[in-house]
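The values are calculated or read from the model by the stated rules, or taken from the named source; none is laboratory data. Note that the coordinates shown come from a computational prediction; the quantities given were computed from them, not determined experimentally. Cβ atoms come from the backbone with ideal geometry, glycine included; neighbour counts cover every protein chain shown. For accessibility, only protein heavy atoms count, side chains too; no ligands or nucleic acids. Shrake-Rupley method; radii C 1.70, N 1.55, O 1.52, S 1.80 Å.
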Amino acid sequence: FPVATYYLEDALELTGHEVRPAAEWCLNSEASRRRCVEMQTVLPTVVARADMARRFPERPDGVLDALRVLDVSIVNVDLIVQLIRYFVREERPGDAEERPGAMPSSATAASRHILPADGAVLVFLPGTAEIDEVARAVAGMLARPDGRIRREWILPLHGALPPSEQVRCFARPPEGVCKVVLATNVAETSITIPDVALVIDSGRVKQAEYEPLRRMASLADVPVSAAQAKQRRGRAGRVQDGICFHLYPSDTELAAQTEPEVRRVSLERLVMSIKALKLPGSAPEVLSSLPEPPSEAAAAAALRDLALLGALSAHNEQLTPLGRVLVELPIEPRLAKLVLLGLCFGAPDETLTIAAALSSSRSPFLAPMDSMEARSMDALRRG
């Protein structure tokens, strides 16, 4: 089904959003400066009004002012809440109107869309921290026991959730209630929620990358590719006409495709799996046969590091007794060896804790929001 597509400037004009000077997504805020210091990056400069007006000549001054100071690399929680409020509530104050003598704005067209009574909202966010933050904001500002948005129908969706929690996203809410699903990129292709009618795309994704200095894999917050944006947009048009808001400017140049993960991460675990499966040929030969193979240097580095780790023999690329144990553990080879040594030296709890903290797969401090709220209420009652 067709999906009407809009961008950041449309969302700003439609909602009348103003960027709070103290907000984390404001380039001039203290939070933005502190983040740049922590990440050792240069503070972005605010675009001149004249330059922004040339990029978006049909937009009003309020939209230009917001675009100038917005940091699109940070999830704008306030704007997401305002968009959900605009399309879910029955009455919409301040619908965008065409201005005499001005070009027709796409925000005017967006204002004519109505979310179907049985339509759900799907918000794409980069990670679980952002999901929790948006869930708290939506619940605190929009949820009402007798309203269209209710706390129990604000549902997170990410890979760390158990299957029993994930299936809640497919349930149909009671009549008159709007389901709001807050998801990572797991909802791009792996999962289809048929009743989604409105997609809000933050334009960010957590992507696996390899840090050579630490020799550890990590998750980096990066812009989506054009292919990912298309997939997210398509989630709104499965069974009915849809609406999609991408929360980045319409003139943003996105990469066409996401770089294959095999070219972004360490190859140590993959090389160990190749040797464990006893595939014919050397590990570099097997890797070179992939549809999009990694570089020869990356394959050579993986072989060298595994030999230094004692998991692979340097002369014939065969797994050592240590390597045959490490390949069975679903973590980085270095962390697997750490855990194994901890067991050998009688310190399993300490090494497991360190390995969990260093692992990039998921946070050791993650807990479902409902569980955290229940514990908080119990603590208040006991206090």
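Inspection of region 270-281 finds a residue satisfying the criterion of being at positive phi and either within 30 Å of the chain's Cα centre (by Cα) or open to solvent by 30 Å² or more (accessible area, probe 1.4 Å) (or both). Do we have Pro174 as assigned to a loop (DSSP other than H, G, I, E, B) and either over 30 Å from Ser359 (Cβ atoms) or touching an Asp or Glu at 6+ places or on another chain (Cβ under 9 Å) (or both) here? Yes: the conditions hold for Pro174.
Restricting attention to region 247-269 and to residues that are in contact (Cβ under 8 Å) with a residue 40 or more places away in the chain and among the aliphatic types (A, V, I, L, M), the residue that is most open to solvent (accessible area, probe 1.4 Å) turns out to be Val265. The residues in region 222-232 that are open to solvent by 10 Å² or more (accessible area, probe 1.4 Å) and not in a strand (DSSP E or B) can be counted, and the count is 5. Listed by position, the helices (runs of 4 or more DSSP H) inside region 43-128 whose residues that are at pLDDT 90 or above number at least 3 are 49-55, 61-69, 77-88. In the set (1) modelled with pLDDT of 90 or more; (2) open to solvent by 40 Å² or more (accessible area, probe 1.4 Å), the condition left unmet by Arg238 is number (1).
This table checks each residue for (1) assigned to a helix (DSSP H, G or I); (2) open to solvent by less than 90 Å² (accessible area, probe 1.4 Å); (3) modelled with pLDDT of 90 or more; (4) not acidic (Asp, Glu).
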{"site": "Asn316", "(1), (2), (3), (4)": "no, yes, no, yes"}
{"site": "Gly323", "(1), (2), (3), (4)": "yes, yes, yes, yes"}
{"site": "Pro330", "(1), (2), (3), (4)": "no, no, no, yes"}
{"site": "Leu338", "(1), (2), (3), (4)": "yes, yes, yes, yes"}
{"site": "Leu341", "(1), (2), (3), (4)": "yes, yes, yes, yes"}
{"site": "Glu350", "(1), (2), (3), (4)": "yes, no, yes, no"}
{"site": "Ala355", "(1), (2), (3), (4)": "yes, yes, no, yes"}
{"site": "Ser363", "(1), (2), (3), (4)": "no, yes, no, yes"}
{"site": "Leu366", "(1), (2), (3), (4)": "no, yes, no, yes"}
